[in-house]
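Asker: Dumping the structure here so I can ask a few things about it.
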């Protein structure tokens, strides 16, 4: 994990993400790319000598100056840090930066005010996750000493998810984390019997590991009314540090970012979430 991208809006939430990125960068002797997105109108940027153009230029310069204060943190000392200000407005642009910079991981806050607030709040966080080919780590609160020892990875053991699975297992092996592969069995039309699920799991493991599961990976079956509540309940039970999920680039992740999973799980919903694109 040599290069980490952190999109920031200079809020406390993006600072929380930056601190987690710093912990990882120190551990793996990596570097951090800090990105601020302005989202200014192209019409404004192309109006030479206009008041709008001068205002846009002002905001660009102000953002660059704000980096000085924002990055003046003791926990960033000794870490190579690059700052970049872009006028991106589309969620997929973050993935573009990640590819151009050869990024290994994107770390971002789950809320914000101003600048990137539309990306960090609710369903828009999901949009960033869905467009990113790079794994995304979403930080929901301040974490003083970030360390991932136990991961709950929600997985359906479908062959189409094999690429995302390999990425996740490799990354968590690097982190020296114990991985719980958890299949959540749901009621209704998609319900499967225990034997059916086990057959599906065995078939996947025969292809992915020739039946020989890595030492840091364990498999579990649970039942719940939704995948989200099932994973949160299980994570709470085993005292997990992180929930991981694969995403196919469509919908289905909103419950992880909107805080709508129920009051009894509200505290545990603050767990970091990492996503891997299928």
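Asker: For residues that are touching a strand residue (DSSP E or B) at 6+ places or on another chain (Cβ under 9 Å), part of a loop (DSSP other than H, G, I, E, B) and more than 18 Å from residue 158 (Cα to Cα), tally how many sit in region 174-214.
Answerer: Of the residues in region 174-214, 4 are touching a strand residue (DSSP E or B) at 6+ places or on another chain (Cβ under 9 Å), part of a loop (DSSP other than H, G, I, E, B) and more than 18 Å from residue 158 (Cα to Cα).
Asker: Tell me, please, whether a residue that is modelled with pLDDT under 65, part of a helix (DSSP H, G or I) and out of contact with any helix residue (DSSP H, G or I) (no Cβ under 8 Å at 6 or more places or on another chain) can be found in region 34-42.
Answerer: Yes, region 34-42 contains at least one residue that is modelled with pLDDT under 65, part of a helix (DSSP H, G or I) and out of contact with any helix residue (DSSP H, G or I) (no Cβ under 8 Å at 6 or more places or on another chain).
Asker: For region 44-77, name all the residues that are surrounded by 11 or more Cβ atoms within 10 Å (Cβ to Cβ) and at pLDDT 80 or above.
Answerer: 66, 67, 70, 71, 73, 75, 76
Asker: Inside region 195-218, can you point out the residues that are within 26 Å of residue 270 (Cβ to Cβ) and crowded, with 18+ Cβ neighbours inside 10 Å?
Answerer: 217
Asker: Does residue 234 satisfy the criteria of being at pLDDT 85 or above, assigned to a loop (DSSP other than H, G, I, E, B) and surrounded by fewer than 21 Cβ atoms within 10 Å (Cβ to Cβ)?
Answerer: No, not satisfied.
The values are calculated or read from the model by the stated rules, or taken from the named source; none is laboratory data. Everything numeric here is computed off the predicted structure, so don't read it as measured data. With ideal geometry, Cβ positions are generated from the backbone for all residues, glycine too; neighbour counts draw on all protein chains shown.
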